[in-house]
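**Q** Let me begin by handing over the structure; questions about it come next.
The values are calculated or read from the model by the stated rules, or taken from the named source; none is laboratory data. None of these values were measured; they are calculated from a predicted model. Here the Cβ positions follow ideal geometry from the backbone for every residue, glycine too, while neighbour counts run over all protein chains shown.
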Amino acid sequence: MAQKTSFTFKLTEAQQKALVRLLSSGNYRPATVEHTVVAADAADCRVALYKSGKCLVQGKGAQEWVQFTLEPHILGEARIGYEDVLDPDLIAPHMGIDESGKGDFFGPLVIAAVYTNDAIVDRFREMNVRDSKTVTSDRKAMEMARDIRALLGGRFAMVAIGPRAYNRLYASMRNVNRILAWGHARAIENLLEKVPDCPRAVSDQFGPARQIQQALMKKGRSIQLVQRPRAESDPAVAGASILARAGFLHALQQMQKQYELPVPKGASALVQETAVKLVKSRGPEVLLDTAKCHFKTTDEVLAKSGLDRSALGPEGQAISKSMQKNEE
C-alpha cells in the first residue's frame, strides 16, 4: 500500500505549545504559510500549525515524521496504522452521506452517498480521499471525484436539488435542515437500490436523526442511521463529500456557460455583484433559477437593484412567508 503524504490533526492547547517549541528548535527550517501560528520544513515534509489548532503535515516523508516525531513527542499516542483497531466500524461495510452547496448563494444543494467496505477503504487511503474542505483546488476535487466514481463502479448515489426546486422545498418545508434530511433520505434510498444489503448509514450531525428517519421510505427504514460531529473522518463520508463538492462545482460551471459570466462560490460581496448583474440583465426572477432565495443576500441584491421580494412573484412571496414563520 502506498504511503499517505498528507495528515491532519486537531491539537489541544498544550499540544500546540509543545509543537511550537519543537518546530522552533534548530532541526527545522522556518516556512511562511498564511494563517499559521508556526510552520517549518523537516527533511521530507512541511509541518504547519494553523491558528484554528489544526496541524497539517504534508510531503513524501509526512507519514514517517508523524509516526516517529509527532505521535511520541506531541500526541502521546500512536494513531497511524491503528485506525482500524481504534474504530473497526470505519472498514465495515456501510455508506456515508455528505452535502455541498448549503452555504453558497448560487447553485444547487448536492448530496452524495458512497458505499465502502474494507477493500474500498484501503484504496481510499492510497488515494488520500479526505474531507473536501481540505481540498483547496477545485481541479483536484474534480479529479479525485472522477477517480472515486471509477473505483466505486456505481456504488454511489447523487441527489442534486437545483435552485428552483430548492426554493420550492424551502417554501413548503420552511427549514434548511428539513431539506437536508429529505435529500439525505433520497440519497440513502437510491444507494440501497444498488447495494440493498448495506447495514448502516453515517452522516454529519445537522439535526435530529428522526428527520431523516421520517423522510425514509420502506426500503430505507431498516438501515441503521448514525449522525455524529466531524463525520468526514469516516472514509465513506469523506468520499461522499468529494463527490458532492464535484457535483456542485460542475453545476456552477454549467451555470457560467448558460449565463455567460463567472459565478462565484459562497455569499460574498462578489456574489452580490454577480447577482445584481444577473437581475439587471435577466430580470429579478432569474434568482429563483440560480440562487437560494431565503439567503439575506437576496434582499441585499434586490435592494441594490431598486426592488424588493415582491419582484420574485408568488414563489418569492411563499419563501418570504416561510422565513417570517421561522423568525416567529
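**Q** Identify the residue in segment 302-318 that is of a type outside the set (Gly, Ala, Ser) and in contact with a Cys (Cβ under 9 Å, 6 or more places away or on another chain) and, among all such residues, is surrounded by the fewest Cβ atoms within 10 Å (Cβ to Cβ).
**A** The selected residue is Glu315.
**Q** Name the residues in segment 20-43 that are without any contact (Cβ under 8 Å) to a residue 40 or more places away in the chain and surrounded by 14 or more Cβ atoms within 10 Å (Cβ to Cβ), would you?
**A** Leu23, Tyr28, Ala31, Val33, Thr36, Val37, Val38, Ala39, Ala40, Asp41, Ala42
**Q** Looking for something surrounded by 14 or more Cβ atoms within 10 Å (Cβ to Cβ), touching a strand residue (DSSP E or B) at 6+ places or on another chain (Cβ under 9 Å) and farther than 21 Å from Val176 by Cβ - is there at least one such residue anywhere in segment 283-298?
**A** no
**Q** Which residue out of Glu143, Glu126, Glu193, Glu189 is free of Cβ contacts under 8 Å to residues at least 24 places away in the same chain and assigned to a helix (DSSP H, G or I)?
**A** Glu143
**Q** Do you know which of the residues in segment 261-282 that are in a helix (DSSP H, G or I) and touching a strand residue (DSSP E or B) at 6+ places or on another chain (Cβ under 8 Å) is nearest to Lys304 (Cα to Cα)?
**A** Across segment 261-282, the extreme among qualifying residues is Ala275.
**Q** Inside segment 147-165, can you point out the residues that are outside any loop (DSSP other than H, G, I, E, B), closer than 20 Å to Ala240 by Cα and in contact (Cβ under 8 Å) with a residue 24 or more places away in the chain? Show your work before the answer.
**A** From segment 147-165, those outside any loop (DSSP other than H, G, I, E, B) are 147-152, 156-161, 163-165; that's our starting set.
Next, only the ones that are closer than 20 Å to Ala240 by Cα stay: 147-152, 156-161.
If the condition is that a residue be outside any loop (DSSP other than H, G, I, E, B), closer than 20 Å to Ala240 by Cα and in contact (Cβ under 8 Å) with a residue 24 or more places away in the chain, then Ile148, Arg149, Leu151, Leu152, Phe156, Ala157, Met158, Val159, Ala160, Ile161 are the ones that fit.
**Q** When you go through Leu270, Leu312, Leu252 one by one, which is the residue that is touching a Gly at 6+ places or on another chain (Cβ under 7 Å) and of a type outside the set (D, E, K, R)?
**A** Just a single option satisfies the conditions, and that option is Leu252.
For (1) surrounded by fewer than 22 Cβ atoms within 10 Å (Cβ to Cβ); (2) of a type in the set (A, V, I, L, M, F, W, C); (3) touching a strand residue (DSSP E or B) at 6+ places or on another chain (Cβ under 7 Å); (4) more than 30 Å from Ser322 (Cα to Cα), each residue gets a yes or a no:
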| residue | (1), (2), (3), (4) |
| --- | --- |
| Phe106 | no, yes, yes, no |
| Phe156 | no, yes, yes, yes |
| Ala160 | yes, yes, yes, no |
| Arg174 | yes, no, no, no |
| Arg186 | yes, no, yes, no |
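For every residue, the table says whether it meets (1) at pLDDT 95 or above; (2) part of a strand (DSSP E or B).
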residue: Ala171; (1), (2): no, no
residue: Ala185; (1), (2): no, no
residue: Ser203; (1), (2): no, yes
residue: Arg210; (1), (2): no, no
residue: Gly239; (1), (2): yes, no
residue: Gln256; (1), (2): yes, no
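**Q** Shifting gears a bit: Looking only at segment 165-208, count every residue that is closer than 24 Å to His294 by Cα and not aromatic (Phe, Trp, Tyr) and tell me the total.
**A** 24
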